[in-house]
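Shown next, in structure tokens, is the structure this report addresses.
The values are calculated or read from the model by the stated rules, or taken from the named source; none is laboratory data. Just so it is clear, the structure is predicted and the values come from calculations on it, not from any experiment. Cβ placement follows ideal geometry from the backbone for every residue including glycine, while neighbour counts extend to all protein chains displayed. Surface accessibility is based on the protein's heavy atoms, side chains included, excluding ligands, DNA and RNA. Shrake-Rupley method; radii C 1.70, N 1.55, O 1.52, S 1.80 Å.
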Amino acid sequence: MSAILPPAERLWWKEPLERTELLWIVIALVWCLIMFFMMPYWHVYGQQNLANEAYRTTPEAYMKKVEEMVAKFKVREEGSPPTPVVRPPAGADVYLVARLWNWYPILELEAGKSYRLHLMSLDWLHGFSLQPENINIQVHPGYDHVLTITPTQPGKYAVVCNEFCGINHHAMVSPLYVVK
Ligand code: CUA
């Protein structure tokens with residue numbers, strides 16, 4: 001029967017439910033519930049979603065903390081223009097700035113130790129992509145975004161901006177060192 005005609009039986013909703021329809025409703029419901037409980041399950045056991053926090057802040061307040069960290073834990077300079085390489089102690093708050101068009105400073109972290117990594121943009125949207133790991137985080141202006149991280153594998157990583165942020169977006173690349 002065409003849907004544009006009124007139903008012949010006006011009380012169609014009082015018809016008993018057909019078995020196959022009931023079966024599919026149950027299958028869909030069970031699947032919905034499985035997927036629903038998989039969300040918290042993956043968060044805890046899947047090691048996929050990063051547990052994170054975000055706080056409102058200003059570029060001035062954030063930069064103050066960055067400069068304090070750089071002054072305390074700078075070990076050398078690298079690149080041109082020279083960028084400080086910072087090696088904070090295990091468990092420390094580590095600050096990384098995204099801005100047009102670089103990351104500041106360069107981080108050197110110890111494998112097997114946990115850090116509270118803070119991310120913030122000083123201007124507009126950037127993206128923190130850690131290569132070759134599969135980590136992607138948007139870096140917003142106005143928010144101090146904190147991730148608890150534990151690097152496991154020593155090596156030289158690359159922090160690549162993965163949100164298009166203007167003419168020098170492609171140049172917004174920085175090393176990140178994980179040492180033993
Ligand atoms: Cu910053 Cu693209």
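Worth a mention:
- Inclusion of G112 among residues that are small (G, A, S), assigned to a loop (DSSP other than H, G, I, E, B) and closer than 21 Å to Y55 by Cα is not warranted.
- For E53, the conditions (1) in a strand (DSSP E or B); (2) more than 22 Å from the chain's Cα centre (by Cα); (3) among the acidic types (D, E) all hold with the exception of (2).
- Count of segment 29-50 residues which are part of a helix (DSSP H, G or I) and either touching a strand residue (DSSP E or B) at 6+ places or on another chain (Cβ under 7 Å) or charged (D, E, K, R) (or both): 0
- Restricting segment 6-48 to residues that are at pLDDT below 80 and more than 30 Å from N134 (Cα to Cα) leaves a set whose member that is least open to solvent (accessible area, probe 1.4 Å) is P7.
- Number of residues in segment 88-101 that are in a strand (DSSP E or B), surrounded by fewer than 18 Cβ atoms within 10 Å (Cβ to Cβ) and within 16 Å of the ligand (Cβ to nearest atom): the value is 0.
- Of the residues contained in segment 60-77, none is found to be surrounded by fewer than 20 Cβ atoms within 10 Å (Cβ to Cβ), within 20 Å of P154 (Cβ to Cβ), under 20 Å from the mean Cα position of the chain (by Cα) and more than 16 Å from the ligand (Cβ to nearest atom).
- Meets criteria (farther than 20 Å from A51 by Cα and more than 13 Å from the chain's Cα centre (by Cα)) for P151: no
- Segment 115-158, subset among the β-branched types (V, I, T) and either at pLDDT 95 or above or under 17 Å from P59 (Cβ atoms) (or both), residue surrounded by the most Cβ atoms within 10 Å (Cβ to Cβ): V139
- So S80, is it in contact with a Ser or Thr (Cβ under 6 Å, 6 or more places away or on another chain), away from the ligand (no atom under 16 Å from the Cβ) and either open to solvent by 50 Å² or more (accessible area, probe 1.4 Å) or touching a residue at least 60 places away in the same chain (Cβ under 8 Å) (or both): no
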